[in-house]
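Presented below is the structure to which this report refers.
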Amino acid sequence: MITQNSYETLATPSGDMQVQVFRPAVDGVFPCIIFYSEIFQITAPIARSANILAGLGFVVIVPEVFHELNPMGTILGYDDQGKEKGNNDKWAKPLESHDTDTQAMVDYAQGLPYCNGNVGAMGVCIGGHLAFRAALNSNIKGAFCLYPTDIHSNTLPSEKGNDSFTRAQDIQCEVALIFGKQDPHVPPEGRQKLYQHFQSIELDYSWLEVNAQHAFMRDEGDRYDPALALEMYAKAQQFFQRLLA
């Protein structure tokens, strides 16, 4: 499908949040995916990923994940300076603020005349974590999490007992988790910790480990795996069509 996109501003308890909305440029009613970015916010690779998903028949909402901490429209570079700023933002924003961001996007999506009211979550890197976190929201019907960071290590700020590892037991929807075996951000012991925990709490999840490095979906840089990325888009399409159509 040919797509179109626009910028919208949503009110949240922690301030106005800009989102970019991608959708099919045809008449119809479509399911919605909230697509959470890396720490660098809505970069060109993230926008291209969202556009691909829209072309597969979804309304895709991409938030500026650290909107409270940056001027509206901020995009960080894939360099040391951008990495430092993004990581500092990651450690500064509590998970509870991400929760209210998710609710604002759910409310927005469910009010769109071209959305069927069914909403899923997807993300990469910290965005994979935020997609997993979004699954705590009862309105989210499925989460597709690509190399989600900081769940096993519990390094994102939150109130006591409200971290995503502990709260995983409260997730009621289906979750797909995909990890790269060569990803240093979620090493083998971290993946084992997650797998065993999810088994023990009887989480409704699927698990896939692939021969890839961190950020293998990002179509810039030497870690990009085009064939594997295409496979993941196909899997995400099947996952969300089954749960959201």
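FYI, it's all coordinate maths here, none of it is from the lab. Remember, predicted model here, so these are calculated numbers, not experimental data. We place every Cβ from the backbone using ideal geometry, glycine too, and count neighbours over all the protein chains shown.
Structure data summary
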{"item": "Surface/4 of the Cα convex hull for the range 25-117, nm²", "result": "6.2 nm²"}
{"item": "Reciprocal mean inverse distance between Cα atoms of the range 96-166 - Kirkwood radius, Å", "result": "12.5 Å"}
{"item": "The range 144-206: proportion of alpha-carbon pairs further apart than 14 angstrom, %", "result": "57 percent"}
{"item": "Highest to lowest packing among 119-125, 233-239, scored as the average C-beta count within 10 Å", "result": "119-125, 233-239"}
{"item": "The range 195-217-the range 1-68 distance, computed between alpha-carbon centres (Å)", "result": "25 Å"}
{"item": "Additional length obtainable on full extension of the chain from Lys181 to Asp204, 0.36 nm per residue less Cα span", "result": "6.1 nm"}
{"item": "Volume per residue of the C-alpha convex hull in the range 1-62, rounded to whole Å³", "result": "87 Å³"}
{"item": "Residues Arg242, Arg167 arranged by fewest to most Cβ contacts within 10 Å", "result": "Arg242, Arg167"}
{"item": "Cut-off 11 Å between beta-carbons: net charge of the residues surrounding Ser164, Lys and Arg +1, Asp and Glu -1", "result": "-2"}
{"item": "Largest-first ellipsoid semi-axes for the range 95-245, taking √(5λ) over the Cα gyration tensor eigenvalues, angstrom", "result": "23, 20, 14"}
{"item": "Per-residue [θ]222 nm for the chain (sum of -39500 (n - 2.57) over DSSP H runs n ≥ 4, rounded to 500)", "result": "-11000 deg cm²/dmol"}
{"item": "DSSP beta bridges in the chain [antiparallel fraction, %, rounded to 5]", "result": "30 percent"}
{"item": "Cβ-based exposure ranking for Leu53, Leu146, Leu112, in which fewest neighbours within 10 Å come first", "result": "Leu112, Leu53, Leu146"}
{"item": "Chymotrypsin sites (Phe, Trp or Tyr not before Pro) within the range 1-98, DSSP loop, no more than 14 other Cβ atoms inside 10 Å", "result": "none"}
{"item": "GluC sites (Glu not before Pro) restricted to the range 156-216 and DSSP loop, no more than 12 other C-beta within 10 Å", "result": "Glu159, Glu202"}
